[in-house]
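Colleague: Below is one structure. I have some questions about it.
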Amino acid sequence: MIFSDLANWEREKAVYPKAVNRGLEYIRSTDFSTLPLGKHEIEGDLMFALLQEASTRAWEEQRPESHRTYTDIQFLISGEEIIRVAPWSEDAKVSEEAFELKDIAFYEQVGKESELVLSPGSFAVFYPGDIHRPCCRVNDNGTIKKVVIKIHKSLLEL
């Protein structure tokens, strides 16, 4: 997992995987105010962007999730959001598994979670297996706009 801000990316990008840097370059060079919500291709099904608006809610109302095939770059455009994160552990109990259909599993129980507080310009990178609970409210429920770059695992293999 990576947590940073686009303002720091130039200084940090030498240690990021090339595919993550391509995703961040797409974010940096795209005017999302001109795009409709939904899916936007970057490198076909190997890398694409999902432009989303979502409502934040109490963390207890959001389900933890993980992916098997795609890495997420979650970049906050507007609003404020907490993403809770937990490393995979034996305590993790899957409640719904749809890796083959939607590349996602939801959890009814995870180990100890930490909080990432995102403001506009912040991003987090979640690799396959990283458990994360997005769209949690900071203070009050609100609306956020974000882009999620999905990067196929084949682009990250050594």
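Colleague: Being hydroxyl-bearing (Ser, Thr, Tyr) and modelled with pLDDT of 95 or more is true for just one of SER89, SER119. Which residue is that? Explain how you work it out, then say what you get.
Modeller: On the way: SER89 fails: modelled with pLDDT of 95 or more.
Just one listed residue meets the conditions, SER119.
Colleague: Separate question: Looking at this structure, is SER78 closer than 15 Å to SER4 by Cα and at pLDDT 95 or above?
Modeller: Details: closer than 15 Å to SER4 by Cα: no; at pLDDT 95 or above: yes.
The answer is no for SER78.
Colleague: For the subset of region 1-19 comprising residues that are assigned to a helix (DSSP H, G or I), touching a helix residue (DSSP H, G or I) at 6+ places or on another chain (Cβ under 9 Å) and within 23 Å of VAL85 (Cβ to Cβ), which member is most open to solvent (accessible area, probe 1.4 Å)?
Modeller: Step by step, filter region 1-19, then rank; the result is LYS13.
Colleague: Also, I was wondering about something else. Which members of region 20-37 meet the condition of being under 15 Å from the mean Cα position of the chain (by Cα) and either small (Gly, Ala, Ser) or not in a helix (DSSP H, G or I) (or both)?
Modeller: Once the filter is applied, which keeps residues that are under 15 Å from the mean Cα position of the chain (by Cα) and either small (Gly, Ala, Ser) or not in a helix (DSSP H, G or I) (or both), region 20-37 yields only GLY23.
Colleague: I'm trying to understand the selection: among the residues of region 37-54, which are surrounded by fewer than 16 Cβ atoms within 10 Å (Cβ to Cβ), out of contact with any Leu (no Cβ under 7 Å at 6 or more places or on another chain) and over 27 Å from SER114 (Cα atoms)? First the steps, then the outcome.
Modeller: As a first pass, look at region 37-54 and keep what is surrounded by fewer than 16 Cβ atoms within 10 Å (Cβ to Cβ): 37-39, 41, 43-46, 50, 53-54.
After this cut, where a residue has to be out of contact with any Leu (no Cβ under 7 Å at 6 or more places or on another chain) as well, the list is 41, 43-45, 50, 54.
Within region 37-54, GLU41, GLU43, GLY44, ASP45 meet the criteria.
Colleague: Out of the residues in region 81-104 that are within 20 Å of ALA58 (Cα to Cα) and out of contact with any Leu (no Cβ under 8 Å at 6 or more places or on another chain), state the one that is surrounded by the most Cβ atoms within 10 Å (Cβ to Cβ). Lay out the reasoning, then the answer.
Modeller: The initial filter retains those residues of region 81-104 that are within 20 Å of ALA58 (Cα to Cα), namely 81-86, 95.
The next check asks that each one be out of contact with any Leu (no Cβ under 8 Å at 6 or more places or on another chain); those that pass are 86, 95.
Values: ALA86: 20, SER95: 11.
Per the criteria, the residue is ALA86.
The values are calculated or read from the model by the stated rules, or taken from the named source; none is laboratory data. Here the structure is a predicted model, which means the values were calculated and not measured. Neighbour counts are summed over all protein chains in view; Cβ atoms, including those assigned to glycine, are modelled from backbone coordinates with ideal geometry. SASA here: full protein model, heavy atoms, side chains in, ligands and nucleic acids out. Shrake-Rupley method; radii C 1.70, N 1.55, O 1.52, S 1.80 Å.
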